[in-house]
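**Student:** Let me begin by handing over the structure; questions about it come next.
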Amino acid sequence: MTVTSHADPAPVSRQRSTSRLSHRIGVGISVLVAAFLIFDAFGKLAAVQQVKDTTATLGFPVHQAFVMGIVLSVCVLVYVVPRTAVLGALGITAYFGGAVTANMRVEAPLLTHILFAVYLGVLMWVGLALRRPQLLTVVGLKR
């Protein structure tokens, strides 16, 4: 006589649906962050007057906004390709580090200006981690 065990398939089903939901939320967050960054890059590439003014206020020559727009565009392009998303996120994180430093140099307000890039960077990485949970293992946050 053989005894067969019938494990309850419900936990596996719940885990898959939770995983799908997390992935979808991660994609949504990533799309929002990418859309904001594309808008920012477009403003720099199009030489919008407000961008020129802000660039000058931060102490950069106005023509360098175009270069910043190119760098940001390349990083975002690499970020939106699923296979290279982590590399793009690293580039964007470096870009955000420059933004934090530039704002600190002119003593901009901490919570609204200096830390804005940090907020956006954290949001970007949360979205990426929800899309790719294995990243949490790489950084030691999950086994």
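The values are calculated or read from the model by the stated rules, or taken from the named source; none is laboratory data. Bear in mind the structure is a predicted one, so any value in this text is a computation, not a measurement. Neighbour counts run over all protein chains shown; Cβ positions are idealised from the backbone, glycine included.
**Student:** VAL71 - would you say it is over 11 Å from the mean Cα position of the chain (by Cα) and not basic (Lys, Arg)?
**Tutor:** On the way: over 11 Å from the mean Cα position of the chain (by Cα): yes; not basic (Lys, Arg): yes.
Answer is yes for this residue.
**Student:** Kindly indicate whether any position in the stretch 47-59 is farther than 21 Å from ARG105 by Cβ and in contact (Cβ under 8 Å) with a residue 12 or more places away in the chain.
**Tutor:** Among the residues of the stretch 47-59, at least one is farther than 21 Å from ARG105 by Cβ and in contact (Cβ under 8 Å) with a residue 12 or more places away in the chain, which makes the answer yes.
**Student:** Check the stretch 11-28 and report whether any residue there is outside any loop (DSSP other than H, G, I, E, B), surrounded by 16 or more Cβ atoms within 10 Å (Cβ to Cβ) and at pLDDT 95 or above.
**Tutor:** So the first thing to find is which residues in the stretch 11-28 are outside any loop (DSSP other than H, G, I, E, B), and the list is 11-28.
This time we only want the ones that are surrounded by 16 or more Cβ atoms within 10 Å (Cβ to Cβ), so: 26.
Filter again for at pLDDT 95 or above, leaving 26.
There is at least one residue in the stretch 11-28 that is outside any loop (DSSP other than H, G, I, E, B), surrounded by 16 or more Cβ atoms within 10 Å (Cβ to Cβ) and at pLDDT 95 or above.
**Student:** Related question: For the stretch 130-143, which positions are among the hydrophobic types (A, V, I, L, M, F, W, C), part of a helix (DSSP H, G or I) and loosely packed, with under 14 Cβ neighbours inside 10 Å? Working first, answer last.
**Tutor:** The first filter runs over the stretch 130-143 and keeps only residues among the hydrophobic types (A, V, I, L, M, F, W, C), leaving 130, 135-136, 138-139, 141.
In the following step, the residues that additionally are part of a helix (DSSP H, G or I) were identified as 130, 135-136, 138.
Of everything in the stretch 130-143, those that are among the hydrophobic types (A, V, I, L, M, F, W, C), part of a helix (DSSP H, G or I) and loosely packed, with under 14 Cβ neighbours inside 10 Å turn out to be LEU136, VAL138.
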